[in-house]
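Notes follow once the structure below has been shown.
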Amino acid sequence: MISQPASSHQVWQFLKNVNVHKCKRFRLPKGRKMTFAVSFLFGGISTEYDSSISSLTHIISSYLTLSRAERPFSVKHMYHLSRVDGLVRTIPFHNAFTIAELQAHVSDIIILPGRSLPITFNTIESHNEYIVNLLHGQFGEDGGVQTLAALSGLKGTFGDPDVASLTMNKFAMSSFVSSLLPSDVMKVPKTRLVRPQGVDDAIRFAKSVDGSVVVKPNSLGASLFATRFHDPVASEIDIRNLLREIFKYDNTALLQEFIPGDEYSCGCLISSSDVVLLPVAKIETAQNFFGHEEKHSSGLVIERILDYENDQLLGRLTSITRRIASSIDLYNMARFDFRISNDREIWFLECNYIPGLMKNSIFPKMLRHHGMTVIELISWIASHSRQYERKKHFIEYEISE
Ligand SMILES: Nc1ncnc2c1ncn2[C@@H]1O[C@H](COP(=O)(O)OP(=O)(O)O)[C@@H](O)[C@H]1O
Ligand SMILES: [Mg+2]
């Protein structure tokens, strides 16, 4: 999958020839009948459980505000994967369904019998249901549930398990994008992948960096533990302690040079034939660091949605996004995080395989400026994106004795 870096000239020719989509308002055809049904898989066993609940709550409350004639699809079931016992409970949707009922299920006020995920998947497959996967983080976004869905032959938004695990692994994904684009087009921060046995080497690296460093888990989400150390030499003990804490939840951590400058996020929708770019978000925080606290407390971040069409720098950023998104087998949607340094260099941070769909998340804001609601997004995905098809695994050949 990893290709050799093309020359800058070739890459810029490619980027210049890319058609940038205009942000025209998305509209479902008027009077369209509810022709298909959708079910949701949410909750999960990762630290991003709460985000998954909030994503579903936002979707269902948006759905409930629509009259029945306006609803582009019907909701069949909501499958809640419990973080307490790892079992799935099926919440049926009905005409009088309310958010209070959803909350009662999630907070175990209503307790239904649970089933294991493989058994649930077999039942879903036998009913030919279309599943929107809202499991964020570990197991939900890292190829875990995608593999199980592929083995069960499930239809839905799971996508390719290998691509999910590539994008969730920040180190692997950064290595991939740096092999795709030359460094005068896009850079990745100098990074050490740290294992528990490599902490001393990581500390030496941190001390050699000119300026601040960032320590973060390689594959947890929600910016948990992501920390900037202004003075790596004076912070050695704190860095060691943080790494020890990260290793309780993740096998590897990243130690990275801090990139000063501005932060941007680029969202896209991926259809069977094209990548549709959404308006770009500029993320502004007091400390210039979009960490866990900034993400999860209100009022600590301003997300400005920008029109990239008449801005050369943002045009470069969106072209890079398109180039990365079209170079791996992404399905449905994705969101890419970048920094742009004061000398206008673009730095890749990460790819989010299942962007948060909470009311105040960045992705729904991008969608709104594109003229699309989360309900229209689901409808678009179900009708425009490709369905992942597992290749045959067995090729018959003879082994000579
Ligand atoms: N190398 C870096 N330089 C500057 N800021 C960084 C760097 N790495 C992470 N950050 C900050 O930490 C935030 C979270 O890091 P990111 O790599 O996007 O992971 P996640 O969002 O999964 O926690 C970023 O949005 C950014 O503000
Ligand atoms: Mg991020």
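The values are calculated or read from the model by the stated rules, or taken from the named source; none is laboratory data. Everything numeric in this text was worked out from a predicted model, so none of it was measured. Please note: Cβ atoms are built from the backbone with ideal geometry, for glycine as well, and neighbour counts cover all protein chains shown. Quick note on the areas: whole protein, heavy atoms, side chains included, nothing else; ligands and nucleic acids left out. Shrake-Rupley method; radii C 1.70, N 1.55, O 1.52, S 1.80 Å.
In nm, give the distance between the simple-model label positions of I109 and D238, each being 7 Å from the Cα along the Cα-to-Cβ direction.
Those two pseudo-labels are separated by 4.3 nm.
Please work out whether segment 306-388 counts as rounded, prolate or oblate from its C-alpha gyration tensor, where a ≥ b ≥ c are the square roots of the eigenvalues and a/c under 1.5 means rounded, while otherwise a/b larger than b/c means prolate and anything else oblate?
prolate
Can you tell me the orientation of helix 170-180 relative to the chain, as the angle in degrees between its alpha-carbon axis and the longest Cα principal axis, to the nearest 10?
70 degrees
Kindly report the accessible area of segment 190-258 per residue (heavy atoms of protein chains, probe 1.4 Å, no ligands, DNA or RNA), in Å².
Values: 3400 Å² over 69 residues.
Each residue of segment 190-258 exposes 49 Å² on average to a 1.4 Å probe.
Quick one: 3J(HN,Hα) in Hz for segment 220-227, Karplus 6.51/-1.76/1.60 with θ = phi - 60°, rounded, Gly and Pro as x.
Couplings: 8, x, 6, 6, 4, 6, 5, 9 Hz.
Using just the Cα positions, wrap segment 190-258 in a convex hull and report its mean projected area in square nanometres, one decimal place.
3.9 nm²
Scan segment 219-257 for trypsin sites (Lys or Arg not before Pro) in coil per DSSP, keeping those whose Cβ has at most 11 other Cβ atoms within 10 Å, and list them by number.
Those that pass, being in a loop and sparsely packed, are K248.
By how many nm would the segment from D343 to N251 lengthen if fully extended, with 0.36 nm per residue of separation less the alpha-carbon distance? Kindly include the intermediate steps, with their values, before the conclusion.
Numbers: separation 92, 0.36 × 92 = 33.12 nm, distance 3.48 nm.
Additional length available on full extension: 29.6 nm.
From the gyration tensor of the Cα coordinates in segment 72-113, what semi-axes in whole Å does the equivalent ellipsoid have, largest first, with each one equal to sqrt(5λ)?
Calculated on Cα positions only, the semi-axes equal 19, 12, 8 Å.
Percent of accessible area on the chain owned by carbon and sulfur, 1.4 Å probe?
Working: 9680 of 19070 Å².
Carbon with sulfur: 51 percent of the solvent-accessible area.
For segment 190-258, what is the relative contact order in percent, using Cα pairs closer than 8 Å and at least 6 residues apart in sequence?
49 percent
On full extension of the chain, what length is gained from H296 through H393, given 0.36 nm per residue of separation minus the C-alpha to C-alpha distance?
Working: separation 97, 0.36 × 97 = 34.92 nm, distance 4.28 nm.
Between H296 and H393, full extension yields 30.6 nm more.
Given that compact globular proteins tend to follow 2.2 N^0.38 Å, what is the ratio of the alpha-carbon Rg of the chain to that value?
Dividing the Cα Rg of the chain by 2.2 N^0.38 Å gives 1.01.
Would you pull out the residues with amide H under 5 Å of G44's amide H, same chain only if 5 or more places away, H placed 1.01 Å from N?
Residues meeting the amide H criterion: L81, S82, R83.
With the cut-off at 30 Å, tell me which of the pairs K207/K248; K155/K248; K170/K295 have Cα atoms farther apart than that.
As for pairs spanning more than 30 Å Cα to Cα, those are K155/K248.
Rounded, prolate or oblate: which fits segment 257-369 when a ≥ b ≥ c are the square roots of the eigenvalues of the alpha-carbon gyration tensor, with rounded for a/c under 1.5 and prolate only if a/b beats b/c?
oblate
Taking 8 Å as the Cα distance limit and 6 or more residues as the minimum spacing, I'd like the relative contact order of the chain as a percentage. Display every interim value, and only then the final one.
Working: 750 pairs, mean separation 76.4, N = 401.
Reported as a whole number, the value is 19 percent.
Run through every distinct alpha carbon pair of segment 37-158 and return the Kirkwood hydrodynamic radius in angstroms, one decimal place.
14.5 Å
Along each principal axis of its Cα atoms, how long is segment 199-329 end to end? Whole angstroms, biggest number first, please.
Per principal axis, max minus min of the Cα coordinates gives 48, 33, 29 Å.
Before I look further, what does segment 37-158 give for accessible area per residue, probe 1.4 Å, in whole square angstrom?
Result: 40 Å² of accessible area for each residue.
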